[in-house]
Amino acid sequence: MAEQFDSSIDVSETDSTGNAVARRTRASLRRFGAKTPAVRETALSTTSAPAPRRTASTVHPVRRIVTVTAVAGLVATVAIPAFAAVGNSAEAVTLQQVAASDAQSLVVASEAQPDTLVRGGYTATTPDEIAAKKAEEAAKAALAARLAAGGEAAAFGGEIPLVLPGSGIVRRPLPYYDHPGEPYAGHKGFDYMVARGTPIYAIADGVVVASSEDGPGWGVYVKIAHNIGGQDVTTLYAHMLYGSRRVSVGDTVSAGQLIGQVSDTGRAYGTHLHLEVVVNGTYVNGESWLQANAG
């Protein structure tokens, strides 16, 4: 009776040696006509025991070492900078502090102290102005030489008295004059046309409030404040000769005292004395006021 072999049953291939023995056993049984079921069961029971599987909790030693090393590196990366930051917190600075320490200072023009400008050192700008300035300087130098040699008397044509002869609280400013100047609009003074070098005298007692070699349009001039009959009076004497002023600001003068000499300095056409008289703040005609008040 032929034996039947169920080839559909698979045998576990986990052990290659056990499989080879089972195949040889089955081949021998077929050759001798022996029954196979028992033998098959015996072979299977002997060789097909499944090998124990590796559980999920089992970790390969190499993987464990790699994991521990990675964790240690991560801890070192985070901890060391943090420790350094804590240790150097006292020395930490902000960007604003760095900018402040590197800031540069700027000195503006308003902080610099400008040199004091001296009038006379910058007035001449055109060739004509330069020539006029040189002529004025030459005239000043010549006059200074004449004054040093007593030449003021020669300029006047005679000896100049320091006090104008006469009496009275109010005196005339000149020993004489040739003729009055022509009045014109806006002209606040009275012009006495007279020779260069003619002496000029204070019209009354007073105090010098201005005295300059370079007045605004007046050239060389002197201004005196008076109190005459209870009235505030100021008198201004302009276009004087360079170097002829005999009084300075703050000086006290008397009526008829010599204060300078006639010339044409400043904006003047011909030698003359420009006299201004202001009474209680109002300009008056100088010659008319002198006729009413001079002795």
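The values are calculated or read from the model by the stated rules, or taken from the named source; none is laboratory data. Source: prediction; values computed, not measured. Cβ coordinates were reconstructed from backbone atoms using ideal geometry, including for glycine residues, and neighbour counts include every protein chain displayed. Heavy atoms of the whole protein, side chains included, go into the accessibility calculation; ligands, DNA and RNA do not. Shrake-Rupley method; radii C 1.70, N 1.55, O 1.52, S 1.80 Å.
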A 1.4 Å probe over the protein heavy atoms gives the range 148-264 a carbon and sulfur accessible-area percentage of 53
At a probe size of 1.4 Å, how large is the accessible area of His239, to the nearest 10 Å²? 10
Loop-located chymotrypsin sites (Phe, Trp or Tyr not before Pro) in the range 223-295 whose Cβ has at most 11 other Cβ within 10 Å (DSSP): Tyr269
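Where only protein heavy atoms count, and the probe is 1.4 Å, what is the accessible area per residue for the range 246-295 in Å²? The partial results should precede the final answer.
Numbers: 2330 Å² over 50 residues.
Result: 47 Å² per residue.
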Ignoring ligands and nucleic acids, Val284 exposes an accessible area, probe 1.4 Å, in Å² to the nearest 10, of 50
From highest to lowest solvent-accessible area (probe 1.4 Å; ligands, DNA and RNA excluded), Lys223, Lys134, Lys188 read Lys134, Lys188, Lys223
